[in-house]
1. Here are some conditions: (1) closer than 21 Å to R128 by Cβ; (2) of a type in the set (F, W, Y); (3) surrounded by 23 or more Cβ atoms within 10 Å (Cβ to Cβ). F109 meets all but one. Which one does it not meet?
2. With the structure loaded, tell me whether F196 is in contact with a strand residue (DSSP E or B) (Cβ under 9 Å, 6 or more places away or on another chain), surrounded by 12 or more Cβ atoms within 10 Å (Cβ to Cβ) and part of a helix (DSSP H, G or I) or whether it fails that test.
3. Output the residue which, of all residues in the stretch 32-63 that are among the aliphatic types (A, V, I, L, M) and assigned to a loop (DSSP other than H, G, I, E, B), is farthest from the chain's Cα centre (by Cα).
4. Which of the residues spanning the stretch 175-184 are surrounded by 10 or more Cβ atoms within 10 Å (Cβ to Cβ) and either without any contact (Cβ under 8 Å) to a residue 60 or more places away in the chain or in contact with a strand residue (DSSP E or B) (Cβ under 7 Å, 6 or more places away or on another chain) (or both)?
5. I want to confirm something. Restricting to the stretch 220-240 and keeping residues that are in contact with a Gly (Cβ under 8 Å, 6 or more places away or on another chain) and not acidic (D, E), which single residue is farthest from P390 (Cα to Cα)?
6. Looking at G133, is it closer than 24 Å to Q48 by Cα, within 25 Å of the chain's Cα centre (by Cα) and surrounded by fewer than 14 Cβ atoms within 10 Å (Cβ to Cβ)?
7. Return the only residue of V45, V83, V33 being modelled with pLDDT of 95 or more, of a type in the set (V, I, T) and within 20 Å of Y119 (Cβ to Cβ).
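The values are calculated or read from the model by the stated rules, or taken from the named source; none is laboratory data. Predicted model only: the values in this text are computed from it and were never measured. So basically every Cβ, Gly included, is an ideal-geometry build from the backbone, and we count neighbours across all protein chains shown.
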Amino acid sequence: MKKMTLLMALCLGCTFAFAQEAAKEKKDSVGFVFTTVKANKITSVKNQANSGTCWSFSGIGFLESELLRMGKPEYDLSEMFVVHNNYQEKARKYVRMHGKINFAAGGSFADVFGAFKDYGAVPDTVMRGLNYGEEKHRHGELDAVTSAYVDAVIKNPNKHLSTAWFDGFKGILNAYLGTIPEEFAYNGKKYTPKSFAASLGLNMDDYVSITSFTHHPFYTKFAIEIEDNWRWDESYNVPLDEMMAIIDNAINTGYTVAWGADVSEKGFTRQGIGVVPDVDPNKAPAGTDEARWIGLSTKEKEDLVYKVTGPVKEKVITQDLRQKGFDNYETTDDHGMQIFGIAKDQKGNKYYMIKNSWGTENKYKGIWYISEAFVKYKTIDYSVHKDAIPKEIRKKLGIK
């Protein structure tokens, strides 16, 4: 009887253990399950479509959230007003520099703040920038034409610049994006772009750029060496842990963050996930049948390794690893988005909630969940209200 009782107990124990393991496997196989920890207000997800204007969409979305944070009504500001003005400035600088700087669709958050400060703002209903027979932004032709135009100007066939070249350039922008209005009506009132911007109550001097690299001293400012930083705008340089602390403090105190990052990584999926798997595609992962790797190309191995279907073990990101990625061209300036919240997955891992500008067709309706490791590793820079920076860090940077 004692033997039978013991055997039954062992069987029950095995059954219980098996059930626990099965439950764990089932939990692990459900994909990602996110729980929001903190989410700040954002405006609706937009679609930059076939244009390289993520910097304008994310920068404008950031300012729209700032207005919500300040208790203002929800605004839908024009991204193409910002693009139009920046293309003009970019063309002037490109010609003045004899074509020795970047002239392309990309830009930075400084371009958004600069346009707001120097030229003002308009609602999207006043200037949508779709004057060329398209329902969505498609800038392939516009970018090709503007590039060819400024390149023709700097070749200087007349041996000196004509007085017409800049008006001709603005004519191209006007044809595609629409003419910048001198005056417009909004909600029953008349505004100029500058008076409308003034009515919003935003101060562009309140916003600063933060980064973290070791090729410049910490607690100083420098112009990040990326092609789209054609303004040579400077960022405050802080250690990695403080770079992350500023983001966390911003989110937890009601602010959002305009985030510039590298999204060309295999772990950044088009279905709303961004992770840094701790794997080597040249080696079979633990538990993988080695035979299935024999004869596979590097791309096929990467496709297997980086097929993100649920929480994964991620790399430990250090300051040195981050710097190495930037120095080796592995971390590049690809995309601008907006960090507005913090979430956790079913295993307790931390993620940042990101508003993207690729429309709402992905699994999370235009929102991405980006792991803490990914943000540590692949952030180029970000912009934030100076009051969102912890006081002790602000003091080190000399920001009042």
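1. It fails just one condition, (1).
2. Details: in contact with a strand residue (DSSP E or B) (Cβ under 9 Å, 6 or more places away or on another chain): yes; surrounded by 12 or more Cβ atoms within 10 Å (Cβ to Cβ): yes; part of a helix (DSSP H, G or I): yes.
When the stated conditions are applied, F196 passes them.
3. Taking the stretch 32-63 as the starting set, the residues that turn out to be among the aliphatic types (A, V, I, L, M) are 33, 37, 39, 42, 45, 49, 60, 63.
Right, trim to assigned to a loop (DSSP other than H, G, I, E, B) and you get 33, 42, 45, 49.
Values: V33: 23, I42: 14, V45: 13, A49: 15 Å.
The qualifying residue farthest from the chain's Cα centre (by Cα) is V33.
4. Restricting attention to the stretch 175-184, the residues satisfying the condition of being surrounded by 10 or more Cβ atoms within 10 Å (Cβ to Cβ) are 175-181, 183-184.
Listed by number, the residues that qualify are A175, Y176, T179, P181, E183, F184.
5. Per the stated criteria, the residue is W230.
6. Spelling it out, it is not the case that G133 is closer than 24 Å to Q48 by Cα, within 25 Å of the chain's Cα centre (by Cα) and surrounded by fewer than 14 Cβ atoms within 10 Å (Cβ to Cβ).
7. Values: V45 fails: within 20 Å of Y119 (Cβ to Cβ); V33 fails: within 20 Å of Y119 (Cβ to Cβ).
Residue meeting the stated conditions: V83.
This table checks each residue for (1) out of contact with any helix residue (DSSP H, G or I) (no Cβ under 9 Å at 6 or more places or on another chain); (2) buried (at least 23 other Cβ atoms within 10 Å of the Cβ); (3) not in a helix (DSSP H, G or I).
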{"position": "S65", "(1), (2), (3)": "yes, yes, no"}
{"position": "E74", "(1), (2), (3)": "no, no, yes"}
{"position": "V83", "(1), (2), (3)": "no, yes, no"}
{"position": "F103", "(1), (2), (3)": "no, no, yes"}
{"position": "L142", "(1), (2), (3)": "no, no, no"}
